[in-house]
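Every read-out reported here was derived from the displayed coordinates using simple, explicitly stated rules and does not represent laboratory data. Remember, predicted model here, so these are calculated numbers, not experimental data. Please note: Cβ atoms are built from the backbone with ideal geometry, for glycine as well, and neighbour counts cover all protein chains shown.
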Amino acid sequence: MIKVWDLIQKGNTSSFYAALGNIALVILKGTAATLSGSGAMFAEAMHTGADAINQIFVFVGSILAERKPTPRFPTGFGRLINVFCMGAVIIVTIMAYETILEGIHLIQHPVPISNLGLIIFSLGTSMAIDGFVLFKAMREISRETRSEAKGFSLILNALKNVGRASPATRLVFYEDLVATFGAVLALGAVLVTRFTTIKTLDGFAAIIIGLLMGWVAYRVGYDNMVGLIGVSAPKEVEDKVCEIILSASEVTDINKMRILQEGRFYHVESYIELRSGLTLATADSIKARIRDQLLAYQDITDVTLGIIEDTGEKDWRPTEPSTEPKKS
């Protein structure tokens, strides 16, 4: 029981808070959509329902991904979070499709909006809760990427480093970013539809929110597909690993190195060159010391090192920063 509780505590906190907030919101928005007949509110209720289910999936996946490697699964369970996120993507895609269909129907057959006070209350509550969860996700991005940011710089930091965050945190960030914007859009559409002669805007807002849900499904689905295939670590992690290895005075070069990312964990494989004249016992001691230093670095869970004598040539060339977005 203690081990289970320890795993739960290691679960992704952003997805946990997001799931709790969205369960409350889907009840409120669903009631408002039913009583008001608003297409934008229906889209918001569908979006929030998808978010709630997704984030429960992701929270469970993030817990299971924390399990330690076993003899049968020696590289650990980091990719399990990618599997759970792919399941969440399917749910978002279906709900996005239904939302777009509802928007098209409302454009063809506009429905008068009632219970305006309930709509404003539910969307205002949504902005507050989704905004809070978005803030928690941005703080989680800062913590996972070890990038210091506070205040307004937290927003820019999150947008810059979201590609390096764990799959669970990325999903929560994307979903609540869209959810917060969607609530603002829905409120504007409802007010315009209610107080002007433009009655189709409610349906158009529902379509836009559905398309945004589709974008989240694509973005998260692509990232997690890449993660399931296996992807190299971001350059920042590679640079840190190189720094740790080359900080040993006996190391002259890195002959080869590969860093594989699974979930938010990294597996390091490398051949390092040591200066000539060292005994085998000394070389083994140096290798063990470097391995322990690498394992002490956060999120590196597996290190395999080989040692060879200095070849006299410079083999290691740092990889150039990619112009493509980082995937994981």
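Quick notes
- Two-site label geometry, Leu228 and Arg194: point separation in nm, points 7 Å out along Cα→Cβ: 4.3
- If the Kirkwood radius is taken over C-alpha pairs of segment 58-131, then at 20 °C and 1.002 mPa s the Stokes-Einstein diffusion coefficient equals 132 µm²/s.
- Scanning the chain for long hydrophobic helices, with DSSP H runs required to stretch 30 angstrom or more by C-alpha along their axis and to average at least 1.6 on the Kyte-Doolittle scale, returns 80-108.
- Extension gain from Gln108 to Thr75, taking 0.36 nm per residue of separation minus the Cα-Cα distance: 6.5 nm
- Computed from the Cβ-Cβ distance with R0 of 30 Å, the FRET efficiency linking Thr31 to Arg67 stands at 0.15.
- Counting only Cα atoms, segment 2-229 measures 66, 36, 32 Å along its principal axes, largest extent leading.
- For the pair Leu295 and Ala24 in one chain, pulling the backbone fully straight at 0.36 nm per residue adds 93.5 nm over the alpha carbon distance.
- Sorted by Cβ density within 10 Å, fewest first, the residues His105, His47, His267: His105, His267, His47
- Working from the Cα coordinates of segment 235-309, the gyration tensor eigenvalues give, after taking √(5λ), semi-axes of 22, 12, 10 Å in decreasing order.
- Taking amide H atoms as placed 1.01 Å from N in the peptide plane, the amide H of Gly76 lies under 5 Å from those of Thr70, each 5 or more residues away in sequence or on another chain.
- Label-to-label distance for Tyr218 and Lys256 is 3.9 nm, based on points extended 7 Å past Cα in the beta-carbon direction.
- Pairwise FRET efficiency - Glu269 versus Tyr97, Cβ, R0 = 41 Å, nearest 0.05: 0.45
- In this structure the amide hydrogen of Ile272, modeled in the peptide plane, comes within under 5 Å of the amide hydrogens of Asn255, Gly306, Ile307, Ile308, none closer than 5 places in sequence on its chain.
- Long-range HN-HN contacts of Val303 with modeled amide H, under 5 Å: Val268
- Charges were assigned to the Cβ only: +1 to each Lys and Arg, -1 to each Asp and Glu. The resulting dipole of the chain about its Cα centre is roughly 580 debye.
- Backbone HN-Hα couplings from phi across segment 68-78 [Karplus 6.51/-1.76/1.60, Hz, Gly and Pro as x]: 6, x, 10, x, 6, 10, x, 8, x, 10, x
- Along the chain, longest interval not containing exposed trypsin sites (Lys or Arg not before Pro), exposed being DSSP loop plus at most 15 other Cβ atoms within 10 Å: 151-274
- Cα→Cβ-extended label distance, 7 Å offset, between Ile120 and Asp284, nm: 7.7
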